[in-house]
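Engineer: Supplied in structure tokens, the structure appears directly below.
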């Protein structure tokens, strides 16, 4: 993928998990990577790892849901690098998982703000510069939750944001196509990451709906979660010319998990909780 050399990519949520793996993978392919996150120390570490490996990187600390902050961040990228070719809109949270009657408006709004507004603002401010570069690729990291699977107890706000991201991708594929900007979504299943540690679950046991499920809840791997690199490799493909005729497409990367129906029980009578679906 030599065509990626000298390209410039913005990766949001690049401090850990999927975002970091995507940033490192793009950096190894010769892309200049701007690693962005609300957590400055983490993205500085990501940028340092890319640089140490011989790549080019810059760290920016910003809240993707803050309009002024994202406008400033994109402006900083253009001033420093004169162009933007690739955007990986990965930043997001699981938020609070709780029964709908006890999920508070503030908890709902926080998840919507970061996951959906953050994706919108990232794309909103990036598109003029992608167009100025002659086109480019946007990759939105969604989830199987809300798009292919609807069985995580209490994850209503999260699922709405993931469904909304896919709808946005499909809507914008037409709108951006004439400017040679491709936009696609990756919908991970269970991935080994730190995001589960930041998920607040409240009273979800009483709304779990057990279902029968084949032994091992991820068929392709015998129940083992995927890795962030599995997603990063797909990001690299979608960023490259190898995917030049692909746009408006959600790609589910879940080892066949959601193909088997709802997730709630791995094997008859054996209860299991659905893990975090992204990042």
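Read the figures in this text as sums done on the coordinates, not as results from a lab. Since this is a predicted model, take the numbers as computed values, not measurements. In this analysis, Cβ positions are derived from the backbone assuming ideal geometry, glycine residues included, and neighbour counts consider all displayed protein chains.
Engineer: For residue 229 and residue 3, calculate 0.36 nm times their separation in residues minus their Cα-Cα distance, and state this gained length in nm to one decimal.
Structural biologist: Gain on extension, residue 229 to residue 3, equals 79.3 nm.
Engineer: Let me ask something else. To the nearest Å, what is the center-to-center distance of segment 1-66 and segment 120-158, using C-alpha atoms only?
Structural biologist: Here the answer is 18 Å between Cα centres.
Engineer: If we sort 177-184, 65-72, 81-88, 102-109 on the protection proxy, mean other Cβ atoms within 10 Å, highest first, what's the order?
Structural biologist: 81-88, 177-184, 65-72, 102-109
Engineer: Please give the FRET efficiency for residue 241 paired with residue 104, using the beta carbon to beta carbon distance and R0 = 45 Å, rounded to the nearest 0.05.
Structural biologist: The value I calculate is 0.45.
Engineer: Mind ordering 18-24, 252-258 by average Cβ neighbours within 10 Å, highest first?
Structural biologist: Top of the packing list down: 18-24, 252-258.
Engineer: Something else about it: For a test of the definition: using alpha carbon positions, the gyration tensor, and the 1.5 limit on a/c, classify segment 1-75 as rounded, prolate or oblate.
Structural biologist: Prolate, since a/c reaches 1.5 and a/b exceeds b/c.
Engineer: If you wrap a convex hull around the alpha carbons of segment 2-260, what volume per residue comes out, as a whole number of Å³?
Structural biologist: In segment 2-260, the Cα hull volume divided by residue count equals 121 Å³.
Engineer: Relative contact order for segment 2-260: what percent, with Cα pairs under 8 Å and sequence separation of 6 or more?
Structural biologist: 20 percent
Engineer: Compare the peptides 29-36, 223-230 by average per-residue count of other Cβ atoms within 10 angstrom and give them in order, highest first.
Structural biologist: The peptides rank, most packed first, as 29-36, 223-230.
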